[in-house]
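Throughout, read-outs are computed from the coordinates displayed, never taken from laboratory work. In this text the structure is predicted, and so the values were computed from the model without any measurement. Note: ideal-geometry Cβ built from the backbone for every residue, glycine included; neighbour counts use all protein chains shown.
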Amino acid sequence: MIRLDTLRALHERDHKLAAYCSTCQRWAVLDLPKLIEQGRGEYRFVSHPPRCRVCGELGQWQLRPPAYRDAATGGGASLAGPFQRNRLNEVRLGVTATRKASANIASAGGSGTGTPGTTKR
């Protein structure tokens, strides 16, 4: 089980922590590395709501998971995990390599079967 109850645990797993004040309608993203450097890494934020620096009211935490980039498309965030994306890339690369090998065989006069780069006689 993964625990995300301390500032250090969030930082180690690339999560972000933000605080929201509904009175001021103000957002603030916490600088986790700085807080850890100041010795607050083991602070358990879950049962302690943040206090707004502007109005002093209690606010709410917002936990933001890491945003993974989809390497296959070079685009926005992907719902697939890193293992699934890597597997997709391997499959795509394998298909590309197979197509190139077939093209090389065909251009060399081969039948497209057998060992890549060789021709059947």
Identify all residues within the range 10-30 that are more than 18 Å from the chain's Cα centre (by Cα) and part of a loop (DSSP other than H, G, I, E, B); write none if there are none. Ser22, Thr23, Cys24, Gln25, Leu30
I'm trying to understand the selection: among the residues of the range 31-63, which are in a helix (DSSP H, G or I) and either among the small types (Gly, Ala, Ser) or in contact with a Ser or Thr (Cβ under 7 Å, 6 or more places away or on another chain) (or both)? Gly39
Members of the range 1-42 found to be within 12 Å of Gln60 (Cα to Cα) and of a type in the set (S, T, N, Q), listed by number: Ser22, Thr23, Gln25
